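K.L.:
Take a look at this one; I'll ask things after.
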Amino acid sequence: MRYELESLGVNLKEVTFLKQGLHRTPDLLRVTVQENIERMEKEGFNSTIILGYGLCGNGITGLQTRRCRLVIPKADDCIGLLLGSRAAHERDKEKGNAYYLSRGWIEFGSDPYKEYQRCVPLYGGETARWILKEMLKGYTRVAFIDTGQSQGVEDRQYTRAFAAFCNLHYDELQGDLRWLERLINLQLDGEDFLEVFPGRAVDPEEFRTGNYW
């Protein structure tokens, strides 16, 4: 979400970016985020830490601080933040499972199409295609989320090529950054955010409220 945060006026020097893809291994996500919380507090930070993660397969369950307040969007993952609400994400799921891309994911992240291209010279085309097929089991679409930060034609061309090569439907979604904007500005009205105070641990049951239930 680097570009989306920048577009909303966030000073990127105040942001800690973690390795893309941690949500695929929730235990590693939990350890990594907790280590960064402890590092910040050890360095003297004692204000509010805003997490740009949702529940992410319970990857943030159990996180806690000693001195800081945690503020977390009540999202399943970051898709809802780019679409404006968890409700918008749930509505989109009705069209079938999608592999989502945005400008940031295309530029900085990995995906099955890139993994296929990496594997071809290592294992050969047949094995690379098997890996690609396994990674995309259950998906019917490749969806590009346009949050207004895209490189236009280039991002869409990449997403279309990904979808066509994998025999998946290409889809394009209009992003909405209002939920993310409320998060970074700490406009915590309503039930779309979770505040976790020092000494408490993140409880996944507290995510079961908000405009999407």
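The values are calculated or read from the model by the stated rules, or taken from the named source; none is laboratory data. Everything numeric in this text was worked out from a predicted model, so none of it was measured. Positions of Cβ are generated from backbone atoms using ideal geometry, with glycine treated the same way; all protein chains shown enter the neighbour counts. In case anyone asks, the SASA skips ligands and DNA or RNA and just uses the protein heavy atoms, side chains included. Shrake-Rupley method; radii C 1.70, N 1.55, O 1.52, S 1.80 Å.
K.L.:
Pairs only if they're at least six apart or on different chains, beta carbon under 8 angstrom, first in segment 3-14 and without any contact (Cβ under 8 Å) to a residue 40 or more places away in the chain and in a loop (DSSP other than H, G, I, E, B), second open to solvent by less than 60 Å² (accessible area, probe 1.4 Å) and aliphatic (A, V, I, L, M); list them, first residue then second.
P.N.:
none
K.L.:
Which residues, taken from segment 116-130, are assigned to a helix (DSSP H, G or I) and open to solvent by less than 40 Å² (accessible area, probe 1.4 Å)?
P.N.:
Those that are assigned to a helix (DSSP H, G or I) and open to solvent by less than 40 Å² (accessible area, probe 1.4 Å): Tyr116, Cys119, Gly125, Ala128.
K.L.:
Pick from Ile131, Ile145: which is in contact with a Cys (Cβ under 6 Å, 6 or more places away or on another chain), more than 30 Å from Thr65 (Cβ to Cβ) and β-branched (Val, Ile, Thr)?
P.N.:
Ile131
K.L.:
Here's a follow-up. Please specify each residue of segment 53-66 satisfying the condition of being surrounded by 14 or more Cβ atoms within 10 Å (Cβ to Cβ) and either at pLDDT below 95 or not aliphatic (A, V, I, L, M) (or both).
P.N.:
Answer for segment 53-66, where residues must be surrounded by 14 or more Cβ atoms within 10 Å (Cβ to Cβ) and either at pLDDT below 95 or not aliphatic (A, V, I, L, M) (or both): Tyr53, Gly54, Leu55, Cys56, Gly57, Asn58, Gly59, Ile60, Thr61, Gln64, Thr65.
K.L.:
For segment 19-36, name all the residues that are over 11 Å from Gln64 (Cα atoms), charged (D, E, K, R) and in a helix (DSSP H, G or I).
P.N.:
Matches in segment 19-36: Arg24, Asp27.
K.L.:
Let me ask something else. Considering only segment 156-186, state which residues are surrounded by 13 or more Cβ atoms within 10 Å (Cβ to Cβ) and in a loop (DSSP other than H, G, I, E, B).
P.N.:
Cys166, Leu168, Gly175, Asp176, Leu177
K.L.:
Of the residues Ile50, Ile72, Ile106, Ile79, which is open to solvent by 50 Å² or more (accessible area, probe 1.4 Å) and among the β-branched types (Val, Ile, Thr)?
P.N.:
Within the list Ile50, Ile72, Ile106, Ile79, the selection yields Ile50.
K.L.:
Moving on. Restricting attention to segment 1-43, which residues are at positive phi and open to solvent by less than 50 Å² (accessible area, probe 1.4 Å)?
P.N.:
Across segment 1-43, the qualifying residue is only Gly21.
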